[in-house]
Amino acid sequence: MTTQNYAKGLEGVIAAETKLSYIDGEKGILEYIGIPIGELAEKSTFEETVYFLWNGRLPTKPELDGFTGAIRSRYDIPAGVEALLNTIPKTAEPMHAIRTLVSALGLHDPKPNSIDLPTIRDKALSILAQTPTLLAYFHQHRQGKPFTRPDKSLGLSENFLYMLNGKRPTPAMTKALDVCMILHTDHGLNNSTFTTRVIISTESDIYSAITGAIGSLRGPLHGGANEGVMRMLNAIPSVAASEAFIQEKLAKKDKIPGFGHRVYKAYDPRATHLKVLAKQLAHDTGHTDLYEKSTAIEAVMNREKAAKGIYPNVDFYSATTYYCIGLPLDLFTPMFVIGRVGGWSAHALEQLAHNRLYRPDVDYTGPHGVAYTPIEKR
Ligand SMILES: CC(C)(COP(=O)(O)OP(=O)(O)OC[C@H]1O[C@@H](n2cnc3c(N)ncnc32)[C@H](O)[C@@H]1OP(=O)(O)O)[C@@H](O)C(=O)NCCC(=O)NCCS
């Protein structure tokens with residue numbers, strides 16, 4: 001075996017073909033099936049974006065109504081999963097809870113293993129509809145509050161905020177969350193999407209694939225970075241202190257959460273939209289200090305790191321956005337799950353349509369011909 005094709009972290013390795021999202025990391029472009037992400041963020045809804053990714057074209061009005069109606073009709077979770085949810089320690093991290101609960105949905109599916117495409121699509125629809133319910137119920141469970149049952153007259157983002165807080169969100173909050181969901185739906189062969197494709201390529205079930213993807217997303221180098229950004233913003237005492245805080249971290253060679261990306265060497269186009277959203281929401285909710293700290297950090301990073309292609313990524317301004325929507329810090333990464341279920345499912349469908357088992361090689365660097373030493377002689 002040769003090390004010739006070895007790329008640490010699989011950087012630059014093409015491991016799948018996709019028609020779902022296109023990224024030009026040098027120019028800072030992201031498109032879903034050819035449509036620039038900014039246009040979808042402005043004009044689409046999360047449900048329509050998911051339909052688009054799952055079907056390869058935008059829906060007609062009756063198709064969209066049918067799709068959103070089907071999602072709404074499935075907001076309720078199985079009674080057995082609700083019973084399990086009530087046994088989860090209230091101290092559990094929401095990402096651990098949501099991983100376990102999505103996995104548990106498979107236990108209550110009489111045919112969890114079916115992987116023909118229409119069945120996978122049907123199961124994915126339920127996972128998409130029920131992930132927000134699982135998360136909102138877990139949040140209420142850990143506070144010892146009764147569950148706010150889903151309101152099936154509401155879209156996914158509005159209903160989630162309604163279940164989470166027990167009251168209807170403002171249209172501005174709903175719109176902001178919906179835009180966040182659109183921006184987070186798909187993103188090439190990121191780590192958790194790759195995980196989904198790897199698992200489904202064994203012809204395992206969709207619950208296993210999405211559960212594995214949630215595990216991947218939790219890491220601080222992936223979806224967990226948005227919580228790191230918020231912790232950093234909270235740790236900076238004032239806007240004026242931002243520069244010194246960042247310089248100190250950089251001097252210690254610490255990475256600044258919310259900056260840098262394996263693919264983007266230019267401004268992450270999702271961050272462009274989130275920055276606008278964060279500014280507006282911070283203004284509307286009286287948290288302009290958060291936005292100002294963020295722009296102060298960005299200015300330092302721009303001076304110090306832009307030459308190396310390190311810019312804000314999707315997590316940087318989503319932290320302020322989520323905070324201003326009123327989400328608790330430890331629900332930031334789970335929000336990423338809600339949005340990304342749409343993309344993971346689209347990739348599972350795409351993988352299964354042209355499947356070949358993922359099974360890369362390793363370069364063995366250990367010894368050969370080692371004699372076995374009996375235990376008493378070690
Ligand atoms: C996303 C990330 C993992 C990409 O990693 P990668 O492609 O493997 O790049 P590396 O970690 O090897 O970094 C390359 C160089 O840029 C620097 N760098 C990368 N991200 C940085 C950051 N956020 N802050 C400061 N320096 C950073 C590294 O220190 C390294 O510098 P060096 O060449 O002097 O050693 C990385 O940028 C990171 O850890 N960012 C912070 C976490 C984050 O926001 N993740 C969410 C991504 S959407």
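The values are calculated or read from the model by the stated rules, or taken from the named source; none is laboratory data. Quantities reported herein were computed from a predicted structural model and do not represent experimental measurements. As a convention, Cβ positions derive from the backbone with ideal geometry for all residues, glycine included, and neighbour counts pool all protein chains shown. Calculation scope for accessible area: heavy atoms of the full protein, side chains included, ligands and nucleic acids excluded. Shrake-Rupley method; radii C 1.70, N 1.55, O 1.52, S 1.80 Å.
Here is the link list: Lys27/Lys279; Lys249/Lys275; Lys167/Lys255; Lys8/Lys377; Lys265/Lys293. Which ones come out longer than 31 Å on Cα distance? Over 31 Å Cα-Cα: Lys167/Lys255; Lys8/Lys377. Summed over the residues of the chain and divided among them, the accessible surface reaches 47 Å² per residue at a probe radius of 1.4 Å.
With 14 Å as the cut-off, how large is the P(r) tail for the range 70-121, expressed as percent of Cα-Cα pairs?
Result for the distance tail: 62 percent.
Whole Å is fine, so just give me how far the alpha carbon centre of the range 1-75 lies from that of the range 86-126. Taking the Cα centre of each part, the range 1-75 and the range 86-126 sit 22 Å apart.
Scalar couplings 3J(HN,Hα) for the range 164-175, obtained by applying the Karplus form with A = 6.51, B = -1.76, C = 1.60 to θ = phi - 60°, are 5, 10, x, 8, 5, x, 6, x, 5, 5, 4, 5 Hz; x denotes Gly and Pro.
Please give the calculated 222 nm ellipticity per residue for the chain, where each DSSP H segment of at least 4 residues contributes -39500 (n - 2.57) and the sum is spread over every residue; nearest 500 deg cm²/dmol? Walk me through the numbers before you get to the answer.
Details: 16 runs with 213 residues, N = 378.
That comes out to -18000 deg cm²/dmol.
In whole angstrom, the chain maps to an equivalent ellipsoid with semi-axes of 31, 30, 23, each derived as √(5λ) from the alpha carbon gyration tensor and ordered largest first. Tell me whether the range 225-324 comes out rounded, prolate or oblate; compute the Cα gyration tensor, take square roots of the eigenvalues as a ≥ b ≥ c, and use a/c under 1.5 as the rounded threshold. It comes out oblate by the Cα gyration axes. Averaging the Cα positions of each part gives two centres, and for the range 138-193 and the range 335-378 these lie 32 Å apart.
Please report the accessible area of Val370 (heavy atoms, 1.4 Å probe, ligands and nucleic acids excluded) in Å², nearest 10. Its heavy atoms expose roughly 110 Å² to the probe.
Roll a 1.4 angstrom probe over the protein heavy atoms and tell me the percent of accessible area of the chain that is carbon or sulfur. Don't skip to the end; give the middle numbers.
Details: 9720 of 17850 Å².
For the chain, the apolar C and S fraction of the accessible surface comes to 54 percent.
So which GluC sites (Glu not before Pro) in the range 151-248 end up in coil per DSSP with only 13 or fewer other C-beta atoms within 10 Å?
Values: sites: Glu158, Glu203, Glu227, Glu243, Glu248; in loops: Glu203.
In loop regions of the range 151-248 (DSSP not H, G, I, E or B), the sparsely surrounded GluC sites (Glu not before Pro) are Glu203.
The accessible-area ordering, largest first, of the residues His141, His261, His368 stands as His368, His261, His141, per a 1.4 angstrom probe.
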